[in-house]
Amino acid sequence: MGCAQAAAAEPVSRSFFPAVGQPTSSSRELAAAVFPVVNADPPAPTSGPSSVPSSGLFDEITPESEAALQRGLDWLAKNQGPNGNWDSNDLGLVGMGALAFMAAGHSPGRGKYGNTVKRAIDYMTSKARADGVLNHSDAQRDMYNHGLAAFVLGQAYGMTSGQDRKLNSVLDRALKVIANTQCEDGGWDYRAHRQPAGHDLSLVVMQAKALRSAVDSGLEVPPEVIDQAIRSVREHYSPHGGNRAAPEEEQQRIPGQFTYGKGGSGGTIAMAAAGVVCLQEFGQYDDWRIEKNMIIIGEAIKKFPELKSGDGKANRNGTMPFDAYSLYYVGQALYQVGGSHWRDNYPRLRDYLVASQKFDAANIAEHGSWMDHGAGGGGRVSGKPGQLYGTSVACFILAIPNRYLPILQEGRIESLKNKFGTR
């Protein structure tokens with residue numbers, strides 16, 4: 001019986017948690033491999049990705065980028081509000097705010113921004129619905145908010161050593177929702193329900209990242225759910241001007257990329273990067289589709305203006321290299337693949353963010369922030385929510401070289417490749 005059929009007949013009801021704070025033996029090795037200990041005071045960042053040869057190392061973190069990250073985190077802390085949600089009911093956006101701090105090494109309740117992170121996490125867990133869905137806004141945003149929020153809670157679970165029982169309970173139910181709403185083709189719909197076919201690639205990647213976050217922290221995730229998700233990602237790849245049903249050998253000879261829909265529609269930079277991130281995070285390192293999409297991402301990066309603070313080109317208007325949604329995945333794709341893709345392109349993202357950050361020390365509502373506006377246009381969120389989204393993503397991108405999050409573990413993790421070896 002196919003995994004989707006099995007899941008439909010028997011929804012996942014068991015706990016993803018073998019015991020509070022205690023991963024199973026099969027998960028413990030992977031969790032230890034990918035989860036660094038986060039202290040009250042973040043340690044010094046490590047050197048470049050293991051995939052970059054020693055002769056090709058570069059300064060991933062500059063004094064200017066460190067200062068920009070600190071200003072961004074200060075903006076998030078000062079504008080969070082007493083409820084911990086930045087005046088937003090969108091749990092995905094609140095989760096991004098928390099993720100910015102965790103990526104910089106600040107865990108819930110510990111360190112300089114510990115209380116800021118804890119307030120955000122507490123807000124998210126307090127707003128979880130009775131059915132386990134992490135969405136407090138329009139039902140059409142169920143699985144977008146749910147996937148992103150569950151991903152962030154999975155990272156927080158590891159950082160708190162699984163000792164927060166409320167967090168454990170909410171995360172456990174959230175993972176069940178993901179498993180039980182997976183569609184028969186391996187994808188997901190916008191709303192939290194099962195149906196024959198998922199809607200688009202963006203929803204697959206949102207849920208897949210949440211599942212990988214759980215795996216990182218030592219939780220058991222049904223491998224058939226992930227296998228189906230990986231297959232769905234591959235089904236969203238389209239050769240340019242070619243036949244999607246053609247043999248892989250034929251498709252490898254022509255350009256192509258991941259697209260929003262399975263029919264080849266929506267060939268955006270965001271989808272190209274999202275597909276790469278999903279395959280990389282589940283150990284599909286040798287998939288030929290990855291390099292096809294990295295070429296497209298690299299070409300897009302070359303097209304936006306190169307800004308560097310102090311060169312007279314900085315306009316300090318809070319724009320980003322790409323819109324926040326795209327940048328979130330582009331930064332991760334560059335890092336996960338590593339090598340020349342990371343070395344040649346990350347500095348351009350970093351330096352653009354440093355040069356465009358809003359700078360007005362007398363105005364705490366603006367100083368240190370970014371907006372959800374890309375250099376070439378685009379942007380999905382406006383107003384203060386867009387400022388939260390843009391600043392959170394910018395801080396996350398600037399913090400990637402710190403490698404504090406388990407999702408940013410360096411190098412190949414062969415146990416992932418062996419466990420999720422679907423082709």
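The values are calculated or read from the model by the stated rules, or taken from the named source; none is laboratory data. All figures in this text were calculated on a predicted structure; none of them were measured in a lab. Please note: Cβ atoms are built from the backbone with ideal geometry, for glycine as well, and neighbour counts cover all protein chains shown.
Summary table
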| item | result |
| --- | --- |
| Yes/no for A149 being under 16 Å from L167 (Cβ atoms) and of a type outside the set (F, W, Y) | yes |
| Positions within the range 135-162 being within 12 Å of G95 (Cβ to Cβ) and of a type in the set (A, V, I, L, M), in sequence order | L148, A149, A150, V152, L153, A156 |
| From G378, G390, residue being surrounded by 15 or more Cβ atoms within 10 Å (Cβ to Cβ), at pLDDT below 95, under 21 Å from the mean Cα position of the chain (by Cα) and of a type outside the set (F, W, Y) | G378 |
| Residue among A333, A246 that is among the small types (G, A, S), crowded, with 24+ Cβ neighbours inside 10 Å and either free of Cβ contacts under 8 Å to residues at least 40 places away in the same chain or in a helix (DSSP H, G or I) (or both) | A333 |
| Subset tally (residues that are within 25 Å of D74 (Cβ to Cβ) and surrounded by 21 or more Cβ atoms within 10 Å (Cβ to Cβ)) for the range 336-366 | 11 |
| Flag if I121 is of a type in the set (A, V, I, L, M), over 29 Å from D172 (Cα atoms) and modelled with pLDDT of 95 or more | no |
| All positions within the range 263-291 that are part of a loop (DSSP other than H, G, I, E, B), within 16 Å of A229 (Cβ to Cβ) and either among the small types (G, A, S) or in contact (Cβ under 8 Å) with a residue 60 or more places away in the chain (or both) | F282, G283, Q284 |
| Top-ranked residue of the range 366-375 - restricted to ones that are assigned to a loop (DSSP other than H, G, I, E, B) and modelled with pLDDT under 95, ranked as nearest to R343 (Cα to Cα) | A375 |
| Pair list, Cβ < 7 Å and 6+ apart or interchain, from the range 66-92 residues that are farther than 12 Å from T391 by Cβ to residues that are among the aromatic types (F, W, Y) and in a helix (DSSP H, G or I) | N83/Y123; G84/Y123; N85/Y123; G92/Y144 |
| Qualifying residue in the range 405-422 (condition: among the small types (G, A, S), on the phi < 0 side of the Ramachandran plot, in a loop (DSSP other than H, G, I, E, B) and modelled with pLDDT under 95) | yes |
| One residue from G109, G95, G114 being closer than 25 Å to L219 by Cβ, surrounded by fewer than 18 Cβ atoms within 10 Å (Cβ to Cβ) and modelled with pLDDT of 95 or more | G114 |
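This table checks each residue for (1) without any contact (Cβ under 8 Å) to a residue 24 or more places away in the chain; (2) under 20 Å from the mean Cα position of the chain (by Cα); (3) farther than 14 Å from D216 by Cβ.
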{"position": "F151", "(1), (2), (3)": "no, yes, no"}
{"position": "S161", "(1), (2), (3)": "no, no, no"}
{"position": "D164", "(1), (2), (3)": "no, no, yes"}
{"position": "L171", "(1), (2), (3)": "no, yes, no"}
